[in-house]
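Visitor: I have a structure I would like to understand better, so I am pasting it below and will then ask my questions one at a time.
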């Protein structure tokens with residue numbers, strides 16, 4: 001597993017396909033603040049809760065100048081299904097070979113129901129306008145995470 005990213009370090013750049021099959025690069029958002037979150041799998045209970053929390057907070061996050069991007073190993077077709085099913089209005093990015101997960105140290109060993117497995121470590125990064133990591137939050141919980149993140153960013157609901 002790659003060493004975890006620290007605040008103040010450059011965010012690893014990437015180019016991935018979104019739910020519509022279009023390419024999206026982190027560099028496209030230079031000059032903007034980005035909330036980049038990694039989740040295990042589209043349409044699973046925890047990931048749905050987290051995505052819907054971001055969806056429900058999108059106005060307050062956008063109002064504070066943040067763009068939300070979600071990343072999983074799911075293929076674009078599954079991401080499109082997820083976005084349509086749950087009314088998700090932000091880009092969902094496909095990283096099937098987990099190369100971007102590796103770059104952000106969000107792929108590795110984790111505990112799952114008392115067993116050590118290899119997989120996605122649910123994590124969120126806040127990236128500043130210059131492309132540096134402002135916050136690196138590893139091992140976040142799906143439930144309540146977005147509310148805690150908004151509080152850390154000083155954003156009211």
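Visitor: Between residue 7 and residue 155, what FRET efficiency comes out of the Förster formula 1/(1 + (r/R0)^6) with R0 = 22 Å and r the beta carbon distance, rounded to 0.05?
Guide: The calculated FRET efficiency here is 0.75.
Visitor: Testing the spin-label approximation: label points 7 Å from Cα along Cα→Cβ at residue 81 and residue 28. State their distance in nm.
Guide: 2.3 nm
Visitor: While we're on this one: Run lengths n ≥ 4 of DSSP H only: what is the helix-derived mean residue ellipticity at 222 nm for the chain, with -39500 (n - 2.57) per run over all residues, to the nearest 500?
Guide: -8500 deg cm²/dmol
Visitor: Then there's this: Specify the inter-centroid distance of the stretch 109-124 and the stretch 29-97, based on alpha-carbon positions, in whole Å.
Guide: Cα centroid of the stretch 109-124 versus Cα centroid of the stretch 29-97: 20 Å apart.
Visitor: Using bins 5 angstrom wide from zero, how does P(r) for the stretch 32-153 break down, in % of all Cα pairs?
Guide: 2, 11, 22, 25, 22, 13, 4, 1, 0
Visitor: Label the stretch 113-157 by shape, choosing from rounded, prolate and oblate, from the square roots a ≥ b ≥ c of the eigenvalues of the Cα gyration tensor; if a/c is under 1.5 it is rounded, and otherwise prolate applies when a/b is larger than b/c, oblate when it is not. Please list the in-between numbers first.
Guide: Numbers: a/c = 4.30, a/b = 1.53, b/c = 2.81.
Judged from the Cα gyration tensor, the stretch 113-157 comes out oblate (a/c at least 1.5, b/c at or above a/b).
Visitor: May I pose another question? Run the quick spin-label model on residue 129 and residue 44: label points 7 Å from Cα toward the beta carbon, then report their separation in nm to one decimal.
Guide: Rounded to a tenth, the inter-label distance reads 3.7 nm.
Read-outs: derived from the displayed coordinates by stated rules, not from any lab. Quick caveat, the model's predicted, so the values are computed rather than measured. Cβ sites come from the backbone with ideal geometry, for glycine too, and all protein chains shown count toward neighbours.
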